[in-house]
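Note sheet for the following structure.
The values are calculated or read from the model by the stated rules, or taken from the named source; none is laboratory data. Keep in mind that this is a model prediction, so the values were computed, not measured. Note: ideal-geometry Cβ built from the backbone for every residue, glycine included; neighbour counts use all protein chains shown. Accessible surface areas use protein heavy atoms only, side chains included; no ligands, DNA or RNA. Shrake-Rupley method; radii C 1.70, N 1.55, O 1.52, S 1.80 Å.
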Amino acid sequence: MPSFHYPVPPVCEITPRHLFMSRRAALLGVGSAVAAGIVGNGVSRAAAPPEAVLARGWPAQQAPTPKKDVLSYNNFYEFGTDKSDPAELSGDFKPRPWSVVVDGLVDNPRTWDIDALIKQFGQQERLYRMRCVEAWSMVVPWLGFELGALLRAAAPKAGARYVAFTSVVRPAEMPGQRGGLFSLKWPYVEGLRLDEALHPLTLLATGVYGEPLPNQSGAPIRLVVPWKYGFKSIKSITRITLTDQQPPTSWNQMAPNEYGFYANVNPMVDHPRWSQASEQIIGEGSLFSAARKPTELFNGYGQQVAGLYKTMDLRKEF
Ligand SMILES: Nc1nc2c(c(=O)[nH]1)N[C@H]1C(S)=C(S)[C@@H](COP(=O)(O)O)O[C@H]1N2
Ligand SMILES: [Mo]
């Protein structure tokens, strides 16, 4: 069954919103009240965050999502469209050896070996909220370094205004790249404006929960842009190219009226097929009451990033 992101998802098109049952709830055999995300109390909170994560990370005002949920509920369409596919179908993927090309409008283009990158730029722990455009969210303790550090080493030329990212293409190791009825075009591509890419919140993650990224999380290196919908956070990156033109992005090409280039989390701008006002908290709640919370503008990172957009109409440039 194709997931939510697709413009023609059989389930949510043909089922009234209040009866829609998520795949997860369906597997658990629970009813529509749960699936509809009716806010309940009696929500069991996740365990308290390790002190070190909170101390070294940026404030996220929440406990981390349990590791088992972070590593088993994923979107990574190269391995399949179900949330469980990336963890279950990525066993053949080999994240080493791996290199990342940094090129385009830079004075110092370079092909980096993944381990040389980690040695050069280190790994800090950052606890970030992650809000998928499908209206669910997690809190994830990443390891990584600021994309800005790598870009400064590349020395962008004066004309550079955007950064284009490209994911790996390996159909032999990635079953989702071997066709199917609904498919994105490969490689998965994403992009940021250069000032967004240089923002200190923008992370290149090389690990999660204190360990190297597992395949389903985007091994060996993926982007994390916590104030934008999750699809901007491109996985298994092979190329980072500085350009003077806004680069094409995968979901925008698939459905431009549903997924903009900016994709800033915004509870006031609904997706054409569902509300963005609130989100399901993955890993919380029970069989009988899904846990939800109101969605925050810029996913709660407005104090840090709102200035990037002060001259823009966020309804038009969504
Ligand atoms: N290459 C690639 N990157 C991707 C995706 C994908 O399908 N392919 N899915 C995106 C989406 S929709 C989300 S919500 C996040 C999910 O990251 P997570 O599985 O680590 O939570 O990855 C993003 N990055
Ligand atoms: Mo997503």
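So if we plug the beta-carbon distance of Gln124 and Lys68 into 1/(1 + (r/R0)^6) with R0 = 30 Å, what FRET efficiency do we get, rounded to 0.05? Each step should come with its number before you reach the end.
Numbers: r = 24 Å, r/R0 = 0.80.
Efficiency, rounded to the nearest 0.05: 0.80.
The distance between label points at Ser286 and Arg161 comes to 5.5 nm (points 7 Å beyond Cα on the Cα→Cβ vector). Sparsely packed loop sites in segment 187-289 (the trypsin sites (Lys or Arg not before Pro) outside DSSP H, G, I, E and B with at most 15 other Cβ atoms within 10 Å) comprise Arg273.
Taking segment 281-318, which trypsin sites (Lys or Arg not before Pro) meet the DSSP loop condition and have no more than 12 other C-beta atoms within 10 Å? Working shown, then result.
Details: sites: Arg292, Lys310, Arg315, Lys316; in loops: Lys310, Arg315, Lys316.
Answer in residue order: Lys310, Arg315, Lys316.
A 1.4 Å probe run over the protein chains yields, for segment 91-144, 41 Å² of accessible area per residue, whole-number rounding. For segment 236-318, the solvent-accessible area with a 1.4 angstrom probe is 46 square angstrom per residue. Placing a label point 7 Å from the Cα of Asp195 along the Cα-to-Cβ direction, the residues of segment 148-170 whose backbone N falls under 13 Å of that point are 161-162.
How far is the Cα center of segment 70-137 from the Cα center of segment 252-304, in Å? Distance between centres, Cα-based: 21 Å.
Close amide H partners of Trp112, meaning residues 5 or more places away or on another chain with modelled amide H under 5 Å apart, are Val100, Val101, Val102.
Counting only protein heavy atoms, what percent of the accessible surface of segment 181-251 is carbon or sulfur at a 1.4 Å probe?
On the way: 1150 of 2030 Å².
Summing carbon and sulfur atoms, their accessible area is 57 percent of the total for segment 181-251.
Phi-derived couplings, Karplus 6.51 cos²θ - 1.76 cosθ + 1.60 at θ = phi - 60°, listed residue by residue for segment 301-316: 9, x, 4, 7, 10, 4, x, 5, 10, 5, 9, 9, 8, 5, 7, 7 Hz, with x used for Gly and Pro. Residues in segment 266-275 carry Karplus couplings, in order, of 8, x, 8, 10, 6, 5, x, 10, 6, 6 Hz; the curve used is 6.51 cos²θ - 1.76 cosθ + 1.60 with θ = phi - 60°, and Gly or Pro positions show x.
How big is Rg to Rh over segment 65-309, alpha-carbon atoms, Rh as the Kirkwood inverse-mean-distance radius?
A ratio of 0.94.
Over segment 86-153, what is the relative contact order in percent, taking alpha-carbon pairs closer than 8 angstrom and at least six residues apart? Result for segment 86-153 is 21 percent. Other residues with beta-carbon under 11 Å from the beta-carbon of Leu213 carry, at +1 per Lys or Arg and -1 per Asp or Glu, a net charge of +1. In order along segment 62-72, the Karplus-derived 3J(HN,Hα) couplings, from 6.51 cos²θ - 1.76 cosθ + 1.60 at θ = phi - 60°, round to 8, 7, x, 5, x, 3, 4, 6, 4, 9, 10 Hz, and Gly and Pro are given as x. The relative contact order of segment 65-309 comes to 23 percent, based on Cα pairs under 8 Å that sit 6 or more residues apart. Rounded, prolate or oblate, given the Cα gyration tensor of segment 166-318, with a/c below 1.5 counting as rounded? The shape class here is rounded. Taking each residue as 0.36 nm, the span from Phe182 to Trp274 lengthens on full extension beyond its C-alpha to C-alpha distance by 31.1 nm. Amide H contacts of Thr238 (H built 1.01 Å from N, in plane; Pro and chain starts excluded): Thr166, Ser167, Val168 sit under 5 Å, all sequence-distant by 5 or more or on other chains. Proximity of backbone amide H atoms, modeled 1.01 Å from N, is registered between Val133 and Gly230, Phe231 at under 5 Å, excluding neighbours fewer than 5 places apart on the same chain.
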